[in-house]
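> For reference, the structure I am asking about is given below.
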Amino acid sequence: MQFAGAAGFAFRVVGVDARPTYDGWVWLDGLQLDRQGRPVQRRTIFVREAGLRRPLPRQA
């Protein structure tokens with residue numbers, strides 16, 4: 001639960017690592033985004049697939 005609640009952040013996936021992991025978990029490569037959707041940091045994160053959410057479309 002490291003990134004739950006207020007610690008959560010938007011993440012643009014660049015790639016999925018093929019390394020075997022625990023069932024339901026995956027390594028993702030990508031960019032952490034700020035509130036405006038701009039990339040601020042390249043990261044590799046280990047996440048539970050069930051905990052991922054697709055963001056709502058931004059209003060123009």
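No lab work stands behind these numbers, since they all come straight from the coordinates. If you're wondering where the values come from, they're calculated on a predicted model, not measured in any experiment.
> Stokes-Einstein at 4 °C, 1.567 mPa s, Kirkwood radius from Cα pairs: D for the chain in µm² s⁻¹?
103
> Still on this structure: Name the long-range amide H neighbours of Val14: under 5 Å, sequence gap of 5 or more, or other chain; modelled H, no Pro or chain starts.
Asp29, Gly30, Leu31
> With θ set to phi - 60°, apply the Karplus curve 6.51 cos²θ - 1.76 cosθ + 1.60 along segment 43-59 and write out the HN-Hα couplings as whole Hz, x wherever there is a Gly or Pro.
3J(HN,Hα) across segment 43-59, in whole Hz: 9, 10, 10, 9, 10, 8, 4, 5, x, 7, 10, 7, x, 6, x, 6, 6.
> Report the gain in length on full extension from Leu56 to Thr44: 0.36 nm times residue separation, minus Cα-Cα distance, nm rounded to one decimal.
Working it through step by step, the gained length comes to 2.0 nm.
> Normalised by the number of residues in segment 5-51, what is the relative contact order in percent for Cα pairs under 8 Å and 6+ residues apart?
Relative contact order comes out at 34 percent.
> Along segment 24-37, what does the Karplus equation 6.51 cos²θ - 1.76 cosθ + 1.60 (θ = phi - 60°) give for ³J(HN,Hα), rounded to whole Hz, x for Gly and Pro?
x, 10, 8, 8, 10, 9, x, 10, 6, 10, 7, 5, 8, x
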